[in-house]
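In what follows, a single structure is set out as structure tokens and then discussed.
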Amino acid sequence: MLRRVITLALTNLALISAGLAVHAWANPMPPKPDGDYVPVCDAYHYCTWVLRSVAEDTETTTKPGEKPAKSTIRTPETVCMDGGAARSCTSHLGNWSNSHQCYLGRLDPQPPKSDPSWEGHTDGAIWTCVREQGIRFVTRWIWLPGRPDTVVVDPVTLVYEAIGEMRLAPPLIKTAPGPGQIGLVNMPVWLWVTKTENTWGPIVRSASVPGLAVTVTAQVKAINWSMGDGKTVRCEGPGTPYDQSMGVKASPTCGHRYIKTSRKLPNCKYPVTAVAQWDITWQSTLGDTGQIAMTQQAATQLRIGEAVPVLVDPDGGEATVADSGC
């Protein structure tokens, strides 16, 4: 269970009894919100409503022969306020933002960059902004460049911050035959990727705020190769790099064979896409753990032909080569 620790501190605040006259307050008191709230005022008689559970966190000191001192109320360093009323800083809707006046939660999955909510940006993230209006919940999407200004930071928010620091990149794909070369029908095609920290992992990053830190580890679990002929090849590892000394044998770890040429396709090539599946795990200093799946992809093209027959003139004329169509 998620545990959140909110440090409470108070300077020169006193609990005003609900029976005090309204004219004693220098500011107009907002309407009392629904729930177990009590009024709290500072030394300048600025008052607002605070949950009783917060207000009753008191200290009392007594010396022999003296009456008990008045209680000292502890309130949060930053109070979550909905207009003039105190608001719970956490909810199943997210964490409260005083500036946006709503509960914020990072949208997952993120909408495509073409969505109007991005406002033309390519960095940051889209967040849901949810608030109650009467008996309804009103939700809108907003773009934020970084961490939201919520009082309580959810560990998952820090997790995505750490993931952003990883700069995860598309796989560096390699094939044999490679670009500019022509493979043959029914001959082996080798598939592999070049491993780097940002394209394969493992990669570890951390993010923190006072009282909470997360450590995130990312590693590619597998790569799914879409070969353009309706077939998908799943390779659990990076694949084996091809070397000419290996001849025409099949790849021992990641490969494919085409049964038709690519001459009827656009550019006479098969479109090939490699999708890297990232397995991302995280752990917080509060004991929370989790797992997130993400993907990165890259593309190339493969030209596949067939052995071209050589036509020989039996009368000794010039040999001709059959047209392959590409």
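If the condition is being more than 17 Å from GLN219 (Cβ to Cβ) and either in contact with a Pro (Cβ under 9 Å, 6 or more places away or on another chain) or surrounded by 15 or more Cβ atoms within 10 Å (Cβ to Cβ) (or both), then the range 165-180 contributes ILE173, LYS174, THR175, ALA176, PRO177. The residues on offer are LEU158, LEU191, and the sole one that is at pLDDT below 95 and either of a type outside the set (S, T, N, Q) or in contact with a helix residue (DSSP H, G or I) (Cβ under 6 Å, 6 or more places away or on another chain) (or both) is LEU158.
Taking the criterion of being of a type in the set (D, E, K, R), under 30 Å from LEU286 (Cα atoms) and outside any loop (DSSP other than H, G, I, E, B), the residues of the range 159-179 that qualify are GLU161, GLU165.
Test GLY146 against the criterion of being part of a strand (DSSP E or B), among the small types (Gly, Ala, Ser) and at pLDDT 80 or above, and give yes or no. So GLY146 does not fit the description; no. Of THR232, THR215, all but one fail to be within 26 Å of ARG263 (Cα to Cα) and among the hydroxyl-bearing types (Ser, Thr, Tyr); the exception is THR232.
Is it the case that some residue within the range 57-68 is among the β-branched types (Val, Ile, Thr), closer than 24 Å to TYR160 by Cβ and either at pLDDT below 90 or touching a Leu at 6+ places or on another chain (Cβ under 8 Å) (or both)? Scanning the range 57-68 turns up no residue that is among the β-branched types (Val, Ile, Thr), closer than 24 Å to TYR160 by Cβ and either at pLDDT below 90 or touching a Leu at 6+ places or on another chain (Cβ under 8 Å) (or both). Yes or no: GLY228 over 30 Å from ARG87 (Cβ atoms), in the same structural domain as ASP288 (by TED's automatic domain parsing) and either in contact (Cβ under 8 Å) with a residue 24 or more places away in the chain or under 19 Å from the mean Cα position of the chain (by Cα) (or both)? Considered against the rule, which asks whether it is over 30 Å from ARG87 (Cβ atoms), in the same structural domain as ASP288 (by TED's automatic domain parsing) and either in contact (Cβ under 8 Å) with a residue 24 or more places away in the chain or under 19 Å from the mean Cα position of the chain (by Cα) (or both), GLY228 comes out as yes.
The values are calculated or read from the model by the stated rules, or taken from the named source; none is laboratory data. All figures in this text were calculated on a predicted structure; none of them were measured in a lab. A quick note on method: Cβ atoms are made from the backbone with ideal geometry, for glycine too, and the neighbour counts reach across all protein chains shown.
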